[in-house]
Amino acid sequence: MQRYLSILSSPPPGYRQAHKKPAAAASPARKAAADFPPDQSVGYLVREAHRAFLRALGARVSRHGVSIGMWYFLRALWEEDGLTQRELSRRVRMMEPTTATALESMERRGLISRTRNSVDRRKVNIHLTDEGQRLREVLLPYAREVNRVALAGISAKKIPLLREQLDRIKRNLDADAIPDAALPRGTVAQARRPVSLREARYKG
């Protein structure tokens, strides 16, 4: 009897195959990712190259007690000493709290001094100390060395073209910047704000 009921409750031959659910189609996002792998993205490759540059340069400048965060500000001050904290933030494209933290470390290290602006007392000007100036001749050769290492195997004739193409990419993306009016409410400040040092290092 039990066997008879089992036969009655079983689907006829071929029923499962005929009524089998089709496999779920790949989502558009997954399909797009499969069609555009990271190693085909110029943005991804530039980001990875930038991170490699930071690792190589950071390892070298750290021998002199300078972090990669300090390096950015030293580089800007070597170009123009006496900038205000806000001007430095804009030059280096870092958020002002990040700049303030880095400058405090640099002041403790004896690399900079901060003085109140004689015209506008609300402003503070940042000046390199003798030690900060001295490090220019010590650290800049590391930047040249890292560039030399990075460009190994690339023809010297192609390097100017590489620089030109990277500059073109930047100018293309600057021109593509979304106007504030086209951004959803609440995203304007996010889109325009400078990045933190952590974002600069890990987001590209």
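The values are calculated or read from the model by the stated rules, or taken from the named source; none is laboratory data. Here the structure is a predicted model, which is why all the values come from computation and not from measurement. Using ideal geometry, Cβ is built from the backbone for each residue, glycine included, and neighbour counts are taken over all protein chains shown.
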Self-check item: Options Leu162, Leu173; residue that is within 17 Å of Phe53 (Cβ to Cβ), out of contact with any helix residue (DSSP H, G or I) (no Cβ under 6 Å at 6 or more places or on another chain) and in a helix (DSSP H, G or I)
Solution: Leu162
Quiz prompt | Breaking point among (1) part of a helix (DSSP H, G or I); (2) more than 13 Å from Leu139 (Cα to Cα), for Asp81 | solution = (1)
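Yes or no, residue by residue, for (1) modelled with pLDDT of 95 or more; (2) within 23 Å of the chain's Cα centre (by Cα):
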residue	(1), (2)
Val124	no, no
Glu131	yes, no
Arg148	yes, yes
Pro179	no, yes
Gly186	no, yes
Glu199	no, yes
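Let's see how each residue does on (1) assigned to a helix (DSSP H, G or I); (2) in contact (Cβ under 8 Å) with a residue 24 or more places away in the chain; (3) surrounded by 13 or more Cβ atoms within 10 Å (Cβ to Cβ):
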| site | (1), (2), (3) |
| --- | --- |
| Arg91 | yes, no, yes |
| Leu103 | yes, yes, yes |
| Glu107 | yes, no, yes |
| Arg144 | yes, no, no |
Exercise. Considering only the stretch 109-126, state which residues are assigned to a strand (DSSP E or B) and in contact with a helix residue (DSSP H, G or I) (Cβ under 8 Å, 6 or more places away or on another chain).
Key: Ile112, Ser113, Arg114, Val124, Ile126
Exercise. Might you check whether a residue that is within 24 Å of the chain's Cα centre (by Cα) and surrounded by 14 or more Cβ atoms within 10 Å (Cβ to Cβ) occurs anywhere in the stretch 35-42?
Key: no
Self-check item: Any pair with Cβ under 6 angstrom, 6 or more apart, that starts in the stretch 41-56 at a residue that is aromatic (Phe, Trp, Tyr) and ends at one that is assigned to a helix (DSSP H, G or I)
Solution: Tyr44/Pro38
Quiz prompt | Members of the stretch 98-122 found to be within 23 Å of the chain's Cα centre (by Cα) and among the aliphatic types (A, V, I, L, M), listed by number | solution = Ala100, Ala102, Leu103, Met106
Quiz item: Among the residues of the stretch 74-89 satisfying the criterion of being within 10 Å of Ile126 (Cα to Cα) and touching a Leu at 6+ places or on another chain (Cβ under 7 Å), which is surrounded by the fewest Cβ atoms within 10 Å (Cβ to Cβ)?
Solution: Asp81
Exercise. Collect the residues in the stretch 150-162 that are surrounded by 10 or more Cβ atoms within 10 Å (Cβ to Cβ) and free of Cβ contacts under 8 Å to residues at least 40 places away in the same chain, keeping them in residue-number order.
Key: Leu151, Ile154, Lys158, Ile159, Leu161, Leu162
Exercise. Among the numbered conditions (1) in contact (Cβ under 8 Å) with a residue 40 or more places away in the chain; (2) surrounded by fewer than 13 Cβ atoms within 10 Å (Cβ to Cβ), tell me where Asn117 comes up short.
Key: (1)
